[in-house]
Amino acid sequence: MPISHTLQYCAFIYNAQIMRILARRTALFLGACIGQFAWRTGIRRSLVLSNLRQAILEHPDQYLWYHRRWRDSDSPLEAQAS
């Protein structure tokens, strides 16, 4: 396994342990902030959109709910607040 994968795994485990210590609301807020940062910087955006396309094809009835909720917002945090 490449060293970069090992470092990513260690960082993930470390962050997961920190999140377990925090209150649920705080952990969810931090997770949303990390997700918003990743979305705005474009990290794995194409992968996320590809996965959503596949999910929509499998469950088209749920697409309308997601589309209405996220259509007018720039980020998941703004959509989550509504």
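Could you quote the convex hull projected area for the range 1-64, Cα atoms only and averaged over all directions, in nm²?
Dividing the Cα hull surface by four gives the mean projection, 6.4 nm².
Work out how much length Ala55 to His5 would gain on full extension: take 0.36 nm times their residue separation and subtract the Cα-Cα distance, in nm to one decimal.
Values: separation 50, 0.36 × 50 = 18.00 nm, distance 2.73 nm.
Stretched fully, the Ala55-His5 segment lengthens by 15.3 nm.
All of the numbers you see were taken from the coordinates with simple rules; none came from a lab. Quick caveat, the model's predicted, so the values are computed rather than measured.
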